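Q: One structure, as structure tokens, below. Some questions next.
Where a number appears in this text, it was derived from the coordinates with a stated rule and is not lab data. If you're wondering where the values come from, they're calculated on a predicted model, not measured in any experiment. For neighbour counting, all protein chains shown are included, and Cβ atoms are generated from backbone atoms with ideal geometry for every residue, glycine included.
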Amino acid sequence: MAADWEKTPCFINQCSKCCRQTEMPLLISDITRLEAAGHDSSSFSIVLPDGSVRLANSPATQACVFLKTESPDLHAPGTCQAWDSRPEGCRIYPLVLDELDEPFLDELCPHRDQFPPPPVGLKGRLLVLAQTLDGETR
């Protein structure tokens with residue numbers, strides 16, 4: 001799977017806002033991909049009481065454990081250390097679904113207007129991700 005939106009406004013603007021206090025769900029395929037890249041799942045995932053698995057945040061920065069940053073400030077710069085193996089939700093963001101399952105660029109992303117049109121198939125992958133999270137064991 002190719003890394004989507006390689007030249008994202010995130011890198012250009014050194015923005016890591018979406019990586020702060022993340023609640024990113026992890027699929028089995030995400031865990032497998034991250035482990036294959038040499039990451040230990042016990043260091044990047046947490047299992048919630050309902051059995052779902054989420055990406056862990058660093059206690060020091062309250063940012064994703066893969067975000068290289070020294071600051072808990074929401075607007076501090078940071079660099080993803082797992083870019084090539086990052087979770088599906090991270091690959092697709094800032095594309096999210098509204099209440100009617102229609103994709104749109106998340107208003108929480110300060111650079112959403114700078115993203116090019118979503119690559120072909122990205123909207124479909126978002127719908128598959130949502131269905132998987134709603135109906136399958138992670």
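Q: Sort 126, 97, 48, 26 by Cβ crowding within 10 Å, fewest neighbours at the top.
A: Exposure proxy ranking, most exposed first: 48, 97, 126, 26.
Q: How much length, in nm to one decimal, is gained on full extension between residue 122 and residue 71, taken as 0.36 nm per residue of separation minus their Cα-Cα distance?
A: In short, 15.2 nm is gained.
Q: Each residue of the range 11-26 in order: what ³J(HN,Hα) in whole Hz does its phi give by Karplus 6.51 cos²θ - 1.76 cosθ + 1.60, θ = phi - 60°, with x for Gly and Pro?
A: 5, 4, 9, 6, 9, 9, 4, 6, 8, 8, 6, 5, 10, 5, x, 10
Q: With θ set to phi - 60°, apply the Karplus curve 6.51 cos²θ - 1.76 cosθ + 1.60 along the range 51-68 and write out the HN-Hα couplings as whole Hz, x wherever there is a Gly or Pro.
A: x, 6, 10, 10, 6, 7, 9, 6, x, 6, 10, 6, 10, 3, 4, 8, 7, 7
Q: Okay, moving on. Starting from the amide H of residue 68, placed 1.01 Å from N in the peptide plane, find each other amide H under 5 Å away whose residue is 5 or more places distant or on another chain.
A: Residues meeting the amide H criterion: 79, 80, 81.
Q: Ok, one more. So what is the 222 nm mean residue ellipticity for the chain from helices alone, if each DSSP H run of at least 4 adds -39500 (n - 2.57) and you divide by all residues, rounding to the nearest 500 deg cm²/dmol?
A: Taking each H run of at least 4 residues, the total per residue is -6500 deg cm²/dmol.
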